[in-house]
Amino acid sequence: MTSYQPTAPHQAPNTPQELLTVPQVMARLQLGRSAVYDLLRTKQLVSITLGRARRIPTRALTDFIHAQLDQEAA
């Protein structure tokens, strides 16, 4: 019997994005908690608040990284 392996859906521009927690962003950027919250406070990294939970869209993290790369290249 062959098992079915679903493939990851291809995201269209108007589909919802994955939301990351602060600890997930900390791990991806290899930064501490206060550094990530400083980025959020200064609006360098965009987030949304759901109740008391802070979530960062993956697109916002990607945009932040590209902006940092562009700034380093300039």
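The values are calculated or read from the model by the stated rules, or taken from the named source; none is laboratory data. Keep in mind that what you see is a predicted model, and the values were worked out from it rather than measured. Cβ placement follows ideal geometry from the backbone for every residue including glycine, while neighbour counts extend to all protein chains displayed.
Structure data summary
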{"item": "Residue ID - farthest from the chain's Cα centre (by Cα), chosen from residues in segment 30-74 that are part of a loop (DSSP other than H, G, I, E, B) and not polar (S, T, N, Q)", "result": "74"}
{"item": "Among the candidates 52, 33, residue that is loosely packed, with under 10 Cβ neighbours inside 10 Å and charged (D, E, K, R)", "result": "52"}
{"item": "Any pair with Cβ under 7 angstrom, 6 or more apart, that starts in segment 32-46 at a residue that is more than 16 Å from residue 67 (Cβ to Cβ) and without any contact (Cβ under 8 Å) to a residue 12 or more places away in the chain and ends at one that is hydrophobic (A, V, I, L, M, F, W, C) and not in a loop (DSSP other than H, G, I, E, B)", "result": "32/26; 33/22; 33/26"}
{"item": "Qualifying residue in segment 15-24 (condition: surrounded by fewer than 10 Cβ atoms within 10 Å (Cβ to Cβ), modelled with pLDDT under 95 and of a type outside the set (D, E, K, R))", "result": "yes"}
{"item": "Cross-chain or 6+ apart pairs with Cβ under 6 Å, segment 51-74 first and farther than 15 Å from residue 29 by Cβ and at pLDDT 95 or above, then among the aliphatic types (A, V, I, L, M) and part of a strand (DSSP E or B)", "result": "55/19; 55/48"}
